[in-house]
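Reading through the structure tokens given below for one structure.
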Amino acid sequence: MATILEIKHVSKFFGGLAANSDVSFSLEEGMIMGMIGPNGAGKTTLFNCITGYYPPSRGEVIFKAQKISGLEPDRICRLGMVRTWQKVRPLAKLSVIDNVMVGALCRTNSLKTARELAMEQLKVVRMENKPDFPAGGLPIGEQKKLEVARALATQPQLLLLDEVMGGLNPAESDEIIQLILEIKKGGGITQMVIEHDMKAIMRISDRIVVINSGEKLAEGTPQEIVNNPEVVRAYLGDFHA
Amino acid sequence: MKSTLALIRTTAGTSPVATALGLAVLAGLFLFPSFVKSPYTLHIMILFFLSTIQGEAWNIIGGYTGQYSIGHVAYFGAGAYTTMILMQYKQIPPWYGMLAGIGVALVVSLIIGSICFRLQGPYFVLASIAVAEIMRLSAINLKDITNGAEGILITEIPVFKIGNTVVTDFLSKVPFYYVGLVITLVTILVTWMVQNSKLGYYFQAIREDQDAAHSLGISLPLYKNIALALSAVFTSLSGSFYAIYIGYIDPSTVLNLDISVQIVLVCIIGGIGTIWGPVIGAMVLVPLSEALRSDLIAGMIFKTGLTSEGSAIGTFLKENLAHAHALIYGILVVVVILFMPDGVLGWVKKLTVQKGRG
């Protein structure tokens, strides 16, 4: 298996505050990498560094053997890496299908082709029944699915999901878990998932990295992570360790 | 409830009644000067065309892309000045001058865009106003080129010939009417084409959520600059057209901030981000500003008998109402924002939807 993404000694400082310091790990093609950590640990900052929203203060990000740190997010998207947002960002006044079409237009100039591609992705997330509904009026669960469909429409090789299950009820979360597993089964798309729902992340991840206070605390298979005393300490405090 | 894009997609071209109605209006507009001879009516129509062109042009950057430029007078002035300077000092006929004006406006827009698009939201608005003011002050002070505050007056427009056939000598308002009509139709057509293309989707994505658009592969500087350049081209055309039509320009008429505001008002009142919004906005604003200018409103108040022309209030109204257009526009904007946040067009659509349901 080839390495698709390599994060090498990435640090991000905001003034004197280190949101990430010296984080390194890599992703193999086709795997699902889970990322966990307490609130404020720097998971989303790391996502922003990887996808081009912030240039890392130190270190570099290598995607498909190419250095991408310092590139703009739109370039990175066209190279084949796309992210979703923890706080959903629907194009509120546009319809569901138009939202996904904006993603699809990344690979085509034809509206007709884009519409077909978008419809396919809507079927993947099971929202093909309401293409003309305005995205801003959808319930949160469907907005999250729309984020995924829109990201998939850009035809990525690497999909970064930032808390897609946050704020969802158990049934909706389960649907997202199925969706993530289906994407994996479909092949061709590597995924990195930030999640707080431990049960979910243990179920879907091939490997997990734990971020705490901006640093990588541990990395390993789900089994190794639950048995790691340092991880337990970070989550539950010294008393339980 | 459907989103705007879906609504337009379902109404575009499908309904034969709408198509027939559209063609009838189009034919009516082309035949209009054969029936209506009054120069004043033609003048109002020409002002309506000007306003529509400006509104549609602003709509591309403001309505679709969500970048509220309040400095569009910069492009209007660029078109007006380029055309007039070339005609006055180089004897270049205005139809070539218009093209040169477009070129100048494009350059100006790319300079403004590459600087101002580093800013977002209110900061972009302020920067756009600042750039327009720089243009106005330059026009006042670069006396050698622009003739400063005295402005440029042309007395004669060269005869427009194709080969040896005289097409028009521009002596009446009729040729101006047709030029205005054609530019208006082209502007609306281009807006329609933009809306139904990748550009339209990308512009609206940037308007709805810049960061999301960025993450979906949309280069923000590229597409914002394309939107601004498109907008500048048609605003500049309206400026050239205005200059030739009126025959006189100076910094306080063609580079006045009032024009920028009026361009934005046309869109806000009609309906932002829609093809027909600016048309409706121009239909409301142009007659209103004419009514204010010609004391029509004061006259109407006297007729109702609320106050007489000779009384103190009457004299006050008569003297000041014509100058109160800014006040009346202000009130109009407040009313529109309070009661029809999507403009007149959005309000009408909402009414018809409600009727359809009830």
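Taken together, the values in this text are just the output of simple stated rules run on the coordinates, not laboratory data. Please read these numbers as outputs of a predicted model, since none were measured by experiment. Cβ sites come from the backbone with ideal geometry, for glycine too, and all protein chains shown count toward neighbours.
Quick look at the values:
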read-out	value
Selection of GluC sites (Glu not before Pro), region B:250-320, meeting DSSP coil and at most 15 other Cβ within 10 Å	B:Glu309
Neighbour-limited loop hits for trypsin sites (Lys or Arg not before Pro), region B:103-188 (at most 12 other Cβ within 10 Å; DSSP other than H, G, I, E, B)	B:Arg118
Gyration tensor verdict on region A:90-155 (Cα atoms; rounded if a/c is under 1.5, prolate if a/b is larger than b/c, oblate otherwise)	prolate
Mean residue ellipticity (222 nm) of chain B, computed from DSSP H runs ≥ 4 via -39,500 (n - 2.57), nearest 500	-24000 deg cm²/dmol
Amide hydrogen neighbours beyond the local backbone of A:Ser57, cut-off 5 Å, H modeled	A:Ser11, A:Lys12, A:Phe13
Value of Rg/Rh across region B:307-355 [Cα atoms, Kirkwood radius]	1.28
Angle in degrees between helix A:170-186 and the longest Cα principal axis of chain A, rounded to the nearest 10	80
Environment charge of B:Cys267, counting only residues whose C-beta is closer than 15 Å and scoring Lys/Arg +1, Asp/Glu -1	-1
Translational diffusion of the protein assembly as shown, µm² s⁻¹ [Kirkwood Rh, Cα pairs; Stokes-Einstein; 37 °C; 0.692 mPa s]	120
Modelled FRET efficiency - R0 30 Å, B:Trp95 with B:His323, Cβ distances, 0.05 increments	0.25
Inter-site label distance for A:Ala92 and B:Asn196 at 7 Å from Cα along Cβ, in nm	2.9
For chain B: relative contact order, % (alpha-carbon pairs under 8 angstrom, 6 or more apart)	27
Chain B: DSSP helices with Cα axial extent of at least 30 Å and average Kyte-Doolittle hydropathy no lower than 1.0	B:94-116, B:174-195, B:220-246
Region B:119-191: GluC sites (Glu not before Pro) in DSSP loop, at most 14 other beta carbons within 10 Å	B:Glu156
Cα principal axis extents for region B:36-255, largest first, Å	56, 39, 32
Debye log10 I(q)/I(0) for region B:187-298, one point scatterer per Cα, at q = 0.11, 0.17 Å⁻¹	-0.48, -0.99
12 Å beta-carbon shell around B:Ala298, net charge (K/R +1, D/E -1)	0
Alpha-carbon centroid distance for the pair region B:216-240 / region B:109-174, whole angstrom	17
Region A:1-109: mean projected area of Cα convex hull, nm²	8.4
Chain A - percent relative contact order, Cα under 8 Å, separation 6 or more	25
